[in-house]
């Protein structure tokens, strides 16, 4: 990636006030767990007014007025979609680019100067292809670079995860022959639990590693390994594809793996209980690697398995049908657990961030010169200003759009060559960036921002503690469409919900979501009818292949708390027809224990009000002001379940102590749930198609 990525330690003239990344992350807001999720980059002390937009030229060593010299990066996945900066000489305003026989979509092309043009790589066949450039229809300007770009033969989904490892990934190949001899390595470390699903798809569990992009390699039999130098990225976040259930149907053997949910480290001495009665259940303890093995003919499906440990909160999976269970237990952060070692520091680990600079580019200017913001109206009055901001694709499609700090504002007075310079801190990984331009007024609270133009660029490699420069975002997309929701909301109950919060975002492929400035509305319940969202983009050109992602949250009170019922994962690719929003899950009703009564610590009974069917119930039972909690997952809606009595195992530092408890019950519906492949994301709203939540007080007697 010559000329694109520069170590931050060498950027004294480009980025001011630098300190190590772990020290410049935003203020701590609590302890981050390995199964938590994070969105785009946070605020830092970087100066966005510096860096990016610098011009550069190459001397090709001859008098030819035209040339195609190279691509940055020089490789990418065979499905295409990544940003590529093509370098050469003699590029004109009508320059065209080919990867092999496929011409690049002109809507993705950004001409920087006569030596650089940014494009989006089209799909291709594995291996090297020639890269050609030509000005318009003038064949005399056509120049070809043999093997100028290489299509990687494999890619990983997801392509990033925490440094602790444990992420379950799929590796997809083109024209591969994966079989039982296939071996997967990341950073030359073996992937565990390799499962070949087809000749072109294999899954495995990622080993632990260090921050940054790492080599991904797959070798089958005697064939040469397929290698992608930056195929997987370790970062300080988790997308939820870890933990849970896996393996073959139960047939007398069961393996349980126990890890700390904050550090990702194995928990020696963890206790696994197979059964619901401790007097008859199978009980065993983990070794130094956190592994617990059961070999008993009674271990057949279905089995209820509970895992706990001293100074860790317990977890139970009800009726598991497979032979491998991986759990991540939250540590109990009390002085009584100090003998177990220092608790993780508040704020979690330092954020693995890089810094991205480039320019926002408008059409219509003089060749190689910046154009005015023709698709943004003029500001009116002293309080308004034309402003633009750059964002990283968010992991939460229901998030509330928020303006960044003013220090990241791009204006029509910002410097730049072909556009207007920006600079933003971004979490490490292969990122999608998007930008909005519009009219801003910060004299009101919250600040008002009306967006009129949008741009998107995919495949931006962000390396921890390094700068990625020369990223150009074409601001040609206008926010001039109307998306209408046709809502059949739930009926309010005696406790609620009493209002609806509907959100619309844009799903940018597998890279995350673009939150829309106009993307949230909150009518009161009951509500039935159409709800229009004005100011969404059309899903063509830069957004080709994207979808609208709709959610509707029926909640209670201004704080939008429980009881609530949420519908998500409603997708559409056009604004031509209204999107039907229905299928709300009925409110949870807890029968055992009786509200405000004694809970025996073993029996739970629940049902759900009118609504769509519930496929899984998730309990989170907390005590001691949330310091200790018991996570219970049951693949049932209306149910009566039993869990083991843990009080005799781990006393007060790993079981719920006597006193008040709060039982939070979530009933979830999924688009496609295979309980035998349950992941931690299925236990959280991000992995649910629809869900309802309510909380119930109770207490445990001494």
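The values are calculated or read from the model by the stated rules, or taken from the named source; none is laboratory data. Please read all numbers here as calculations on a predicted model, not as lab measurements. Using ideal geometry, Cβ is built from the backbone for each residue, glycine included, and neighbour counts are taken over all protein chains shown.
Quick notes
- Of all the listed residues (172, 184, 131, 194), the sole one being outside any loop (DSSP other than H, G, I, E, B) and not assigned by TED's automatic domain parsing to the domain that holds residue 213 is 131.
- Qualifying residue in segment 569-577 (condition: under 25 Å from residue 157 (Cβ atoms) and surrounded by 20 or more Cβ atoms within 10 Å (Cβ to Cβ)): yes
- Qualifying residue in segment 263-271 (condition: more than 26 Å from residue 126 (Cβ to Cβ), without any contact (Cβ under 8 Å) to a residue 24 or more places away in the chain and over 23 Å from the mean Cα position of the chain (by Cα)): yes
- Hey, residue 531 touching a residue at least 60 places away in the same chain (Cβ under 8 Å), in a strand (DSSP E or B), surrounded by 20 or more Cβ atoms within 10 Å (Cβ to Cβ) and over 24 Å from the mean Cα position of the chain (by Cα) or not: no
- For segment 559-604, the set of residues classified as out of contact with any strand residue (DSSP E or B) (no Cβ under 7 Å at 6 or more places or on another chain) and in a strand (DSSP E or B) consists of 569 only.
- Answer from 95, 112, 144 - the residue that is crowded, with 18+ Cβ neighbours inside 10 Å and modelled with pLDDT of 95 or more: 95
- Test: residue in segment 481-493 that is within 28 Å of residue 372 (Cβ to Cβ) and either in contact with a helix residue (DSSP H, G or I) (Cβ under 7 Å, 6 or more places away or on another chain) or in a strand (DSSP E or B) (or both): yes
- Test result for residue 489, crowded, with 22+ Cβ neighbours inside 10 Å and touching a residue at least 60 places away in the same chain (Cβ under 8 Å): yes
- Any hit, segment 606-613, residues being within 19 Å of residue 644 (Cβ to Cβ) and in contact (Cβ under 8 Å) with a residue 40 or more places away in the chain: yes
- Here 508, 539 are screened, and the one residue that is buried (at least 20 other Cβ atoms within 10 Å of the Cβ), at pLDDT below 95, farther than 27 Å from residue 492 by Cβ and out of contact with any strand residue (DSSP E or B) (no Cβ under 6 Å at 6 or more places or on another chain) is 539.
- Test: residue 258 is touching a residue at least 12 places away in the same chain (Cβ under 8 Å), under 30 Å from the mean Cα position of the chain (by Cα) and surrounded by 23 or more Cβ atoms within 10 Å (Cβ to Cβ): yes
- Tally, over segment 62-92, of residues that are out of contact with any strand residue (DSSP E or B) (no Cβ under 8 Å at 6 or more places or on another chain) and buried (at least 18 other Cβ atoms within 10 Å of the Cβ): 0
- Check on residue 441, modelled with pLDDT of 90 or more, more than 30 Å from residue 91 (Cα to Cα) and surrounded by fewer than 23 Cβ atoms within 10 Å (Cβ to Cβ): yes
- In segment 623-632 there is no residue matching the filter, namely being without any contact (Cβ under 8 Å) to a residue 60 or more places away in the chain and on the phi < 0 side of the Ramachandran plot.
- Any chance residue 218 is assigned to a loop (DSSP other than H, G, I, E, B) and in contact (Cβ under 8 Å) with a residue 12 or more places away in the chain: no
- Each residue in segment 65-98 was checked for being under 30 Å from the mean Cα position of the chain (by Cα) and assigned to a strand (DSSP E or B), and 9 of them qualify.
- Exclusive hit being in contact with a helix residue (DSSP H, G or I) (Cβ under 7 Å, 6 or more places away or on another chain), modelled with pLDDT of 90 or more and either in a loop (DSSP other than H, G, I, E, B) or not assigned by TED's automatic domain parsing to the domain that holds residue 529 (or both), set 618, 614: 618
Conditions (1) modelled with pLDDT of 90 or more; (2) assigned by TED's automatic domain parsing to the domain that holds residue 307; (3) surrounded by fewer than 21 Cβ atoms within 10 Å (Cβ to Cβ); (4) under 24 Å from residue 496 (Cα atoms), marked per residue:
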position	(1), (2), (3), (4)
627	no, no, yes, no
633	yes, no, no, no
640	yes, no, yes, no
648	no, no, yes, no
652	no, no, yes, no
667	yes, no, no, yes
673	no, no, yes, no
692	yes, no, no, yes
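- Listed by position, the strands (runs of 3 or more DSSP E) enclosed by segment 277-338 include none that has at least 1 residues that are at positive phi, crowded, with 23+ Cβ neighbours inside 10 Å and not assigned by TED's automatic domain parsing to the domain that holds residue 655.
- For residue 680: the one exception among (1) buried (at least 22 other Cβ atoms within 10 Å of the Cβ); (2) closer than 18 Å to residue 314 by Cα; (3) over 24 Å from the mean Cα position of the chain (by Cα): (3)
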